[in-house]
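Below you'll find the structure, written out as structure tokens, and then a few comments.
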Amino acid sequence: MTLLPQELLKSKAPSTRPVISLCEGSDPRIVAGALAANQADLANVILVGDANAVRAELTAQGASECEGVQVHDPLTSELTASFAAEYHNLRKHKGVDEAKALATVQSPAVYAAMLVRLGHATGTLGGAVLTTGEIVRSAIQVIGVDKNAAMVSSFFLMYPPESATEGARAMLYSDCGLVIDPSAQELSEIAKASAKSCKALLETAPKIAFLSFSTMGSARHAAVSKVSEGLALFKEAVPDLEADGELQFDAAFVPSVGERKAPESAVAGHANVMIFPNLDAGNIGYKITQRLGGYMAIGPVMQGLAKPANDLSRGCSAEDVTQMIAVTALQALDS
């Protein structure tokens, strides 16, 4: 059985406890999720925000600042000046002067990302209040893209309910939160990153399905051709990984359908990494799987960054925050 991120992190028992910065430090869900992660020995946490508001929420939840739960206020932190200097060096080619740099790093999202860039934190997490655009922009500008990655994309971890029928399995859906209309080359890059994420977070060999409304040429359209081209580019770049397409979802997921529609495919009916052709399909697909299928959806998780930074749904729960803290820490272990 596939372990949830929280359980997987505990099983790995890192020698150094991860430190996760959270840029919405006064939000009740963030505080509750961070406290749970700390109490479960998953990570130390840094709650970033107005110090009075953060400490008031800690008090309301029966907790206080301690060794494993720190409060950083970007307006008063002794780190802010050095963060401003670093940000100025990073962005002066874009016309950012010293005053603008100081004002920018006083933003909690940028400050939290700078904690990661300069080694004060292992990874960062936000998005319970802020938009995906704000979280992603801060991560890309401050943390940067991994030198081995061509782009930043995202995925959801999907875990079946206990009541699921035989054949249900943990899966990775990508991209469901970031890249709106990927090209064939971008689909290939998303699949490469997702295969790595599958190995790290599901601890299983990836079987990658490039999804479409067509299976193995059953329909002709430019949208189908894009998916087929993406698969071809992927196979050329990573020939040792199992991938196939184009596949309809039922052909990718249900063994009997896969055997009928794509009898020569080793992936059809057994896929655990679903690569969606665009953000419409991915976002709708994960929500249907979650709401009608009863799967637990954890994400969106970002991949392709130099160091871990992740987004939260604005509808997240405290439990979602705890699981995403674990995901962020696991990504750091794998980097």
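A few notes on this one:
- Flag if residue 49 is touching a Cys at 6+ places or on another chain (Cβ under 9 Å), over 27 Å from residue 201 (Cβ atoms) and among the small types (Gly, Ala, Ser): yes
- Close pairs (7 angstrom Cβ cut-off, 6 or more residues apart or separate chains): farther than 18 Å from residue 121 by Cα in segment 83-95, not in a helix (DSSP H, G or I) anywhere: 88/96
- Output for segment 47-59, where each listed residue is crowded, with 24+ Cβ neighbours inside 10 Å and β-branched (Val, Ile, Thr): 48, 54
- Every condition in (1) out of contact with any Ser or Thr (no Cβ under 8 Å at 6 or more places or on another chain); (2) in a helix (DSSP H, G or I); (3) open to solvent by less than 40 Å² (accessible area, probe 1.4 Å); (4) at pLDDT 95 or above is met by residue 71 except one, and the failing one is (2).
- Residue selected from segment 254-279 under the condition open to solvent by 40 Å² or more (accessible area, probe 1.4 Å) and in contact (Cβ under 8 Å) with a residue 24 or more places away in the chain, by the criterion nearest to residue 190 (Cα to Cα): 278
- Test for residue 38: is it within 19 Å of residue 115 (Cα to Cα) and either over 24 Å from the mean Cα position of the chain (by Cα) or part of a helix (DSSP H, G or I) (or both): yes
- Boolean, residue 299 is open to solvent by 20 Å² or more (accessible area, probe 1.4 Å), modelled with pLDDT under 95 and of a type outside the set (A, V, I, L, M): no
- Hits in segment 213-236 - residues which are under 23 Å from the mean Cα position of the chain (by Cα) and among the small types (Gly, Ala, Ser): 230
- Helices (runs of 4 or more DSSP H) completely within segment 96-170 that count 2 or more residues being at pLDDT 95 or above, touching a Gly at 6+ places or on another chain (Cβ under 7 Å) and open to solvent by less than 40 Å² (accessible area, probe 1.4 Å): 108-117
For every residue, the table says whether it meets (1) modelled with pLDDT under 95; (2) under 23 Å from residue 128 (Cα atoms).
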| site | (1), (2) |
| --- | --- |
| 9 | yes, yes |
| 14 | yes, no |
| 29 | no, yes |
| 32 | no, yes |
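- Hits in segment 1-24 (condition: buried (at least 19 other Cβ atoms within 10 Å of the Cβ) and closer than 15 Å to residue 41 by Cα): 5, 6, 8, 9, 18, 19, 20
- Filter result (of a type in the set (D, E, K, R) and part of a loop (DSSP other than H, G, I, E, B)) within segment 218-244: 220, 240
- Unique residue being of a type in the set (A, V, I, L, M, F, W, C), open to solvent by less than 20 Å² (accessible area, probe 1.4 Å) and over 18 Å from residue 272 (Cβ atoms) when the list is 195, 184: 184
The values are calculated or read from the model by the stated rules, or taken from the named source; none is laboratory data. Source: prediction; values computed, not measured. For neighbour counting, all protein chains shown are included, and Cβ atoms are generated from backbone atoms with ideal geometry for every residue, glycine included. Ligands, DNA and RNA are excluded from the accessible area calculation, which covers all protein heavy atoms including side chains. Shrake-Rupley method; radii C 1.70, N 1.55, O 1.52, S 1.80 Å.
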